[in-house]
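Trainee: Okay, handing you the structure first.
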């Protein structure tokens, strides 16, 4: 073969190799770019998860505002024993502690479960549920709170007035509740959803209360049974509430729960499920970047 012909052939062979080489370089570049993008997005995701993750605290508070009027030592002992067996730390707040300031700082106690053995009622001519404190009412005290507080009294002692907190007071409590469960043991605590909504807006995830009047002793008995069904036997919320409402009681009030879509959940799900879904805290562009990087298809231009 003449020398000139051989040179032309070699040049043609080199030219044929270039497209293959370019494809390899392109594939490497796309893979490298995808890896960098995925790494950057996952790094941001990791730090945002650290900032936003809220874990359910295995700490319970029994808030016994009724303790002075209706002292039931067995309720405290039985509930404490049950919850300790479920790995909770239990704190007890006696009636003298339950003041306006106590409620204002309530989220700071960082409990996963709040058992409010608290007298409650519906404010006259409204749908506002009020929780009693044991702080005697004084006119002009706490003027800055306006109608977030109200004046309450017991039918059997109408001359003794106490401060009561309403749903709008919950809105200005210090801090937030860490995905807490709130069980309100008083009368009409869930006749209207106003108080339940306020607690959920403040970070709680479940509120259980009474639709009408309930005797204090019946409430003690049925609340303890509710806690057994939920924590010991892992019943769904709807099944536990239904079983409790089948028990005999003096007054017409029934247990109910809020939000209503929580009925099929069990405590094992509520207290162990993470408080977020990882992809939910990413914006749509970041989600597409992750998808493209994982596919490795290099189709990234449309994201700009």
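The values are calculated or read from the model by the stated rules, or taken from the named source; none is laboratory data. Computed from a predicted structure; not experimentally measured. So basically every Cβ, Gly included, is an ideal-geometry build from the backbone, and we count neighbours across all protein chains shown.
Trainee: Out of curiosity, is residue 123 under 23 Å from residue 176 (Cβ atoms) and at pLDDT 95 or above?
Mentor: no
Trainee: Taking the range 180-213 only, how many residues are farther than 25 Å from residue 55 by Cα, out of contact with any helix residue (DSSP H, G or I) (no Cβ under 8 Å at 6 or more places or on another chain) and surrounded by 20 or more Cβ atoms within 10 Å (Cβ to Cβ)?
Mentor: So the answer is 3.
Trainee: May I ask you to say which residue of 271, 288 is closer than 23 Å to residue 85 by Cα and either modelled with pLDDT under 95 or under 17 Å from the mean Cα position of the chain (by Cα) (or both)?
Mentor: 271
Trainee: For a quick check of your reading: which helices (runs of 4 or more DSSP H) sit entirely within the range 71-180 and have at least 3 residues that are in contact (Cβ under 8 Å) with a residue 12 or more places away in the chain and closer than 21 Å to residue 216 by Cβ?
Mentor: The qualifying helices (runs of 4 or more DSSP H) are 73-85.
Trainee: Scan the range 160-183 residue by residue and report those that are farther than 14 Å from residue 128 by Cβ and in contact with a strand residue (DSSP E or B) (Cβ under 7 Å, 6 or more places away or on another chain).
Mentor: Within the range 160-183, 160, 161, 162, 163, 180, 181, 182, 183 meet the criteria.
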